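The values are calculated or read from the model by the stated rules, or taken from the named source; none is laboratory data. Note that the structure is a prediction, hence the values are computed from the model and not measured. Glycine also receives a Cβ, built like all others from the backbone with ideal geometry; neighbour counts cover every protein chain displayed.
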Amino acid sequence: MDPYNNPFAPGAGSRPPELAGRDAIIEAGRIACGRALQGRSARPMMLLGLRGTGKTVLLNEIGRNAEQAGLLVSKVESPEGESLARLLYPEMRKVLRSLSGVEAAKVSTHGVV
């Protein structure tokens with residue numbers, strides 16, 4: 001293919017014009033989110049692949065779909081040598097603050113203060 005017209009443009013998390021051949025993964029993410037909204041368990045997913053194969057793009061797409069469905073989404077990058085607790089703590093605080101705001105909004109819209 002002519003390199004000037006090739007739609008593939010590698011970049012960390014840059015979405016290509018089309019997510020060709022990834023429908024099953026995206027659908028599995030939608031199903032997992034739908035089950036979570038119903039309070040049901042879902043099968044966990046793990047995306048594995050070499051650098052530049054689209055893992056981050058797929059995670060971002062699944063995250064967008066989850067947010068559109070009404071779920072809170074949090075992202076954590078894990079550099080080597082960093083403890084899991086240290087990585088998760090700031091994100092968990094953000095999630096708890098978001099949930100606190102949602103609950104406060106529910107209370108105020110129902111006239112209960």
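Given the options Leu50, Leu59, name the one that is closer than 23 Å to Glu77 by Cα and modelled with pLDDT of 90 or more. Walk me through it before giving the result.
Details: Leu50 fails: modelled with pLDDT of 90 or more.
Sole residue among the options that is closer than 23 Å to Glu77 by Cα and modelled with pLDDT of 90 or more: Leu59.
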Exercise. Using beta carbons and a limit of 6 Å, which pairs, at least six apart or on different chains, have the first residue in the range 33-48 and free of Cβ contacts under 8 Å to residues at least 12 places away in the same chain and under 16 Å from Asn65 (Cα atoms) and the second one assigned to a loop (DSSP other than H, G, I, E, B) and not β-branched (Val, Ile, Thr)?
Worked result: Arg35/Ala42
For this session: Please determine, by comparing only the residues of the range 62-105 that are over 24 Å from Gln38 (Cβ atoms) and of a type in the set (S, T, N, Q), which one is modelled with the highest pLDDT.
Result: Ser83
For this session: Can you run down the residue pairs with Cβ atoms below 8 Å, 6 or more apart or on separate chains, where the first is in the range 64-86 and surrounded by fewer than 10 Cβ atoms within 10 Å (Cβ to Cβ) and the partner is not in a helix (DSSP H, G or I)?
Result: Leu84/Ser78
For this session: Being outside any loop (DSSP other than H, G, I, E, B) and exposed (fewer than 13 other Cβ atoms within 10 Å of the Cβ) is the filter here, so list the residues in the range 32-63 that pass it.
Result: Leu37
For this session: Taking Lys55 as the residue in question, decide whether it is closer than 30 Å to Glu18 by Cα and under 10 Å from the mean Cα position of the chain (by Cα).
Result: no
